[in-house]
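Take a look at the structure set out below.
The values are calculated or read from the model by the stated rules, or taken from the named source; none is laboratory data. Predicted model only: the values in this text are computed from it and were never measured. No Cβ is skipped: glycine too gets one built from the backbone with ideal geometry, and neighbour counts run over all protein chains shown.
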Amino acid sequence: MLEKLGMYLQYPFVRYALIVGVLIALCSSLLGVTLVLKRYSFIGDGLSHVAFGAMAVAAVLNLTNEMLLVLPITIICAILLLRTGQHAKIKGDAAIAMISVVTLAFGYLIMNIFSTSSNLSGDVCSTLFGSTSILTLTKREVWICIALSVAVVAIFILFYNKIFAVTFDEDFAKASGTDANAYNLLVAIIIAVIIVLAMNLVGSLLISALVIFPALSAMRLFRSFRSVTICAAVLSVFCAFLGIIISILAGTPVGSTIVAVDAIVFGLCYIGGKLFGGIHA
Amino acid sequence: MAILTVQDLTLGYESYVVAKDLSFTVNSGDYLCIVGENGSGKTTLMKTLLRLKSPMSGTIRTGDGLEKDQIGYLPQQTAVQKDFPASVREVVLSGCQGRCGRRPFYNRSEKQLAEKSMERMGVAALARRCFRELSGGQQQRVLLARALCAARKVLLLDEPVSGLDPKATSEMYDLIEGLNRDGITIIMISHDIAAAVRYATHILHMGERVFFGTKEEYLKAEAGSRFLQQKGGERDA
């Protein structure tokens, strides 16, 4: 088995997939804690549907670089969803559900009416569940992904304390002079970038798993924001790595394998947390 | 000179007026209690004082060198905090955020300030504990320590003792009184009129009739005695 793995690692496309997969997993786990705690677990889901809709439009328009359309649209929707914050008229979950189904429906509709492809359902399926596109990345795409990931991680570290303050208590942060709206905006933009990146890896339907599972697993085990964040990042990278390796060896779909590993790790963390907590109590 | 002067303030949400014609002043070292029935606009007033909401009309002036970000605030707890994984130190340190400005990380003096605030509130021993696993009284003391990190002169407290048992309640009042004696101006929303009368120097009563004055004036005034009687009646029943 190791031989087989070694053989696969000879191929550049396998190495690219591993690099990109691990980076995406790292980025998506960072904001997971914030999103879970702000009750925005489904934002990944909603935004990825937006990205799906945008992708459909881009495909119909025959754009060579669909990122140019998908990224701005997703960012705008993320801002609209998160900007309203704690005091929205249509509460977070309802707004997300609304945007998510509408864009999904329109995306499919547009693809259906205008599609030039002969394999429509195949196209839709691969956009939704992650395709083999992670295994067909070009060198340029890998570099774009590395650059964006470095930017996301750097921004997260620089604004870590502000993000904590705004997540923990938005009103207090505002009252003590922190521009909470600006940081909510920042979180919205970062999450949109991550979603668009992650669509390559797991497809639009499974992105939420990458965002929330590591955070939820880490929250079973740790009790401070910093250790939860670090643990989430480590778990996420580990799961993505393992998932990609398994999918290569066993020939399973990449996205769903990663999510399955994430789910199993969550189960282990849950049990571990119970035992650990039991000892403490 | 007054650090806070409020004139003809009208509060509300969109077109619905919650409270109107509020005028009062707060001097340095005062202990002001804001009392009144549910829905009389106490929390709205506090949010307006903190500039989280804008008033429908009227003015709020700060004086005596008080800046916007020098007000410490103890809000009512939010649902998010009930399962937030954060250590006590992380929570208290986040009170220094206003001092940080655009600087990304806390510096040494801010960390020391956080340690000092924790010691003052008697939660230093809990520094590494998880915030959500503490008792209600401990949580309030942690949030008070956080507010102290932000406050240089004024603390705004929104029902600091709600949900606490009698022992934790009296401990909380003692801590607040101690802070006031150290020269920090206290503005507190309270349901507990007996405690308000006991600790405060000034009282603002909100509701159909608005009263503002010193504690002694309040006790003589009709609004206060009526409210006291009502409270007493409820307790007897």
Completion exercise
Requiring at least 3 residues that are modelled with pLDDT of 85 or more, the helices (runs of 4 or more DSSP H) wholly within segment A:58-135 are A:67-83, A:92-114
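Here is a yes/no grid of residues against (1) crowded, with 18+ Cβ neighbours inside 10 Å; (2) charged (D, E, K, R):
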site: B:K82; (1), (2): no, yes
site: B:L93; (1), (2): yes, no
site: B:Q140; (1), (2): yes, no
site: B:A145; (1), (2): yes, no
site: B:P166; (1), (2): no, no
Problem - Selected residue (criterion: nearest to B:A151 (Cα to Cα)) from residues of segment B:40-58 that are over 17 Å from the mean Cα position of the chain (by Cα) and in contact (Cβ under 8 Å) with a residue 12 or more places away in the chain - result: B:P55
Problem - Residue list for segment B:1-27, restricted to those being at pLDDT 85 or above and either in a loop (DSSP other than H, G, I, E, B) or under 14 Å from the mean Cα position of the chain (by Cα) (or both) - result: B:V26
Practice task
Would you be able to say whether some residue in segment B:111-129 is surrounded by fewer than 22 Cβ atoms within 10 Å (Cβ to Cβ), in contact with a strand residue (DSSP E or B) (Cβ under 6 Å, 6 or more places away or on another chain), outside any helix (DSSP H, G or I) and facing chain A (nearest Cβ under 9 Å)?
Solution key: yes
Practice task
Have a look at B:V80, B:V92 and point out the one that is of a type outside the set (S, T, Y), outside any loop (DSSP other than H, G, I, E, B), within 24 Å of A:F156 (Cα to Cα) and more than 9 Å from every other protein chain (Cβ to nearest Cβ).
Solution key: B:V92
Exercise for the section: For B:A147, indicate whether it is of a type in the set (A, V, I, L, M, F, W, C), at pLDDT below 85, under 30 Å from A:I157 (Cα atoms) and under 15 Å from the mean Cα position of the chain (by Cα). Expected result: no
Problem - Test: residue in segment A:213-233 that is away from every other protein chain (no Cβ under 11 Å), touching a helix residue (DSSP H, G or I) at 6+ places or on another chain (Cβ under 8 Å), within 30 Å of A:K4 (Cα to Cα) and surrounded by fewer than 24 Cβ atoms within 10 Å (Cβ to Cβ) - result: yes
Problem - Answer residue from segment A:168-184, given it is touching a helix residue (DSSP H, G or I) at 6+ places or on another chain (Cβ under 6 Å) and closer than 24 Å to A:S100 by Cα and is farthest from the other protein chains (Cβ to nearest Cβ) among those - result: A:N184
Problem - Tally, over segment B:18-62, of residues that are within 14 Å of chain A (Cβ to nearest Cβ) and either at positive phi or not hydrophobic (A, V, I, L, M, F, W, C) (or both) - result: 8
Problem - Residues being charged (D, E, K, R), within 12 Å of another protein chain (Cβ to nearest Cβ) and out of contact with any helix residue (DSSP H, G or I) (no Cβ under 7 Å at 6 or more places or on another chain) - total across segment B:130-185 - result: 1
Practice task
Among residues belonging to segment A:149-165 that are within 21 Å of the chain's Cα centre (by Cα) and either buried (at least 19 other Cβ atoms within 10 Å of the Cβ) or among the basic types (K, R) (or both), point out the one that is nearest to the other protein chains (Cβ to nearest Cβ).
Solution key: A:F164
Practice task
Please indicate, with yes or no, whether at least one residue in segment B:189-196 is touching a residue at least 40 places away in the same chain (Cβ under 8 Å) and surrounded by fewer than 18 Cβ atoms within 10 Å (Cβ to Cβ).
Solution key: yes
